[in-house]
Amino acid sequence: MTDHAPGEVMQVAPGLYRISLPLPFPPRQVNAWLIEDGEGWLLVDTGHGTEATRALWEGIFATALRGRPISRVLVTHFHPDHIGSAGWICARWKAPLLMPRSEWQRAWLLCMDDQQARVAQLVEFYRKAGSPQEHLDFLRARGMLYARTVSPLPRTFRVIGEGDVLQVGGRDWRVMIGAGHAPEMACLWNAADGVLISADHVLPRITPNISVQPTEPAGDPLGVFLTALARFRVLPDSALVLPSHGEPFFGLHERIDYLIAHHEERLALLLEAAGRAGRVGLTVHDALGPIFTRPLDHAALGFALSEAQAHLHHLTARNQLMPSLDAAGILRFVKPVVD
């Protein structure tokens, strides 16, 4: 992945600019997008809600806006590297926030909920996954990070959803929902120019994290993701894809094919591992070995466990595995007995 200077502004198409913002965790950078919007600008995504990010934005506002205001802020989904500075920017420019309804609701809940209760829920979720005690201790000590990196949200917003068409600078941008990585992530398609802002739905070098969430412990987010991914095949392969992480790229269909094949390969590896485990079955922690080859620190382990569980749940949805709780209350997945 190419590194860009923090706050660097690059033109990628007429009237459309990419802004590279730093992150304190992999993948280290996130893209925001500035689109000329008549007398102002539409800003798509905002980076982390930290003082360092706000300082970068002040420099961008002073140099890149050419005297025109941010007139609208569109956030693709609730993750803090996308919504983190949205409340501050909306207040700074008196600009409305546009978001899918469930994404705004999820962000509001995570900011306003009882943080200690959420920590307890998180620890229990990973205990059931078979996570080692030292990881559970790490989670308790760290606490919840979300509200610390998201500036206070606007109390009102404008709902956007599948099929909505936004007029931006004389161009139509149609909202397409990419789900699985987030509940209702907004992607934007400009057919006239052949440009897709793909958010985290289709990334060029990495695969979006697809995770079971403690609030939806029986969910099948991988199934949701694969279904949503297939819907994007209706777009032309010639589209210029603007992802949230990594470089703009061409070859949308090839990338969709790769992402589907990547997950199918991991599903096959887990099904094989479950067969070897026999009636004992796999815990979620057991499932890490077949699909993650790199070392995992405590920060990465939570993402890995949640993604492994997403694959196990999808195999369950396909009736290829059966979940149950063992005597210790640990979730295990076994292959069903075929008579």
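Per-residue Karplus couplings for the stretch 158-164, computed as 6.51 cos²θ - 1.76 cosθ + 1.60 with θ equal to phi - 60°, are listed in order as 10, 6, 10, x, 3, x, 4 Hz, Gly and Pro entered as x.
Backbone amide hydrogens, once placed in the peptide plane, bring Thr76 within less than 5 Å of Asp45, excluding anything fewer than 5 places away on its chain.
Per-residue Karplus couplings for the stretch 291-303, computed as 6.51 cos²θ - 1.76 cosθ + 1.60 with θ equal to phi - 60°, are listed in order as 10, 10, 9, 8, x, 10, 7, 4, 5, 7, 4, x, 4 Hz, Gly and Pro entered as x. For the stretch 172-252, applying the loop criterion from DSSP together with a ceiling of 15 other beta carbons within 10 Å to the chymotrypsin sites (Phe, Trp or Tyr not before Pro) yields Phe250. Using a probe radius of 1.4 angstrom, the carbon and sulfur fraction of the accessible surface of the chain is 56%. Restricting the stretch 138-247 to trypsin sites (Lys or Arg not before Pro) that sit in a DSSP loop and have at most 10 other Cβ atoms within 10 Å of their own Cβ leaves Arg155. Phi angles of the stretch 132-139 translate, via the Karplus equation with coefficients 6.51, -1.76, 1.60 and θ = phi - 60°, into HN-Hα couplings of x, 4, 5, 6, 5, 5, 4, 5 Hz per residue; Gly and Pro are given as x. Across Ile70, Ile206, Ile160, mean-square fluctuation computed from a Gaussian network of the chain (C-alpha pairs under 10 Å connected) peaks at Ile206. Less than 5 angstrom separates the built amide H of Gln29 from those of Leu23, all sequence-distant by 5 or more or on a different chain. Checking [x] 28.0; [y] 21.5; [z] 21.0 against Kirkwood radius over Cα pairs in Å calculated from these atoms, the matching label is [z].
For Asp37, the residues 5 or more places off, or on other chains, whose built amide H falls under 5 Å of its own are Leu42. Our note on the geometry: Cα centres of the stretch 111-125 and the stretch 1-76, 32 Å apart.
For the stretch 72-103, the set of trypsin sites (Lys or Arg not before Pro) satisfying both a DSSP loop assignment and a count of at most 11 other C-beta atoms within 10 Å is given as Lys94.
Distance from the C-alpha centroid of the stretch 131-184 to that of the stretch 265-339: 27 Å, rounded to the whole angstrom. Take every Cα pair under 8 Å whose residues are at least 6 apart in sequence, average their separation, divide by the length of the chain, and the relative contact order is 14 percent.
The values are calculated or read from the model by the stated rules, or taken from the named source; none is laboratory data. Predicted model only: the values in this text are computed from it and were never measured. Heads up, the Cβs are rebuilt from the backbone with ideal geometry, glycines too, and the neighbour counts pull from every protein chain shown. The accessibility values were calculated without ligands, DNA or RNA, using every heavy atom of the protein model including side chains. Shrake-Rupley method; radii C 1.70, N 1.55, O 1.52, S 1.80 Å.
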